[in-house]
Amino acid sequence: MECNKEKQKEKSASGRRKPRPLTQEQLELRRERKRELRKSPEEAAKIAEYGSRPEVRERRKARLLDPLVAEKERARNRLRKKEARATERGKAASRMHRAARRARLLMATPPWADKEKIASIYLDCPEGFQVDHLVPLRGVTEDGRLICGLHVHLNLRYLKKEDNMRRSNKMSQAEIEEVESLVARNS
């Protein structure tokens, strides 16, 4: 009698039994099968064709507008990136990107830069903010011109993380005018 009660507890609202959580081995096996499927060019072409169909794109957009689904998708992407960084190829790519960034910072830091002020700006950065370059080290303006900023304390500011990610390495006309007025004031 108790056995039936336990089975009934296991059933979900739809009347089906809840699936048991997968073990780590089972999860790895599933991932390996998916990787094998993606290796064949025919399968990759089918997947690409399916994903590019307008009704599939619309369904995906509608799903992503739901905040819960969007958060799950972001979490899934974070996990994928974390797993990718754990592979040898991912580690190598990560090292390459970090080295390129360090080189850009070194090349963008003139000899007269006050490194202590730069360090203090990074150390004093408030929670939820990031240090942003007013003029990006390597960026683009709204009209497509390439720009190249210096890594000096006058070119650094605090920006909310979301705003900094949205801004990326682009610079609007208003920001260009703001920088020009700062330069004129400090000259």
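Computed from the coordinates by the stated procedures, all read-outs in this text should not be read as laboratory data. Here the structure is a predicted model, which is why all the values come from computation and not from measurement. Positions of Cβ are generated from backbone atoms using ideal geometry, with glycine treated the same way; all protein chains shown enter the neighbour counts.
Tabulated results
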read-out	value
Enumerated helices (runs of 4 or more DSSP H) restricted to region 91-187, each holding at least 1 residues that are within 30 Å of ARG80 (Cβ to Cβ)	115-123, 161-167
In region 61-119, the residues that are of a type in the set (S, T, N, Q) and touching a residue at least 12 places away in the same chain (Cβ under 8 Å)	THR109
LYS115 being closer than 30 Å to ARG60 by Cα and out of contact with any helix residue (DSSP H, G or I) (no Cβ under 6 Å at 6 or more places or on another chain)	no
From ASN155, ASN186, residue being surrounded by 16 or more Cβ atoms within 10 Å (Cβ to Cβ) and among the polar types (S, T, N, Q)	ASN155
Counted residues, region 50-75 - those being surrounded by 10 or more Cβ atoms within 10 Å (Cβ to Cβ) and either assigned to a loop (DSSP other than H, G, I, E, B) or among the basic types (Lys, Arg) (or both)	8
Members of region 137-184 that are closer than 21 Å to ALA119 by Cβ and charged (D, E, K, R)	ARG157, LYS161
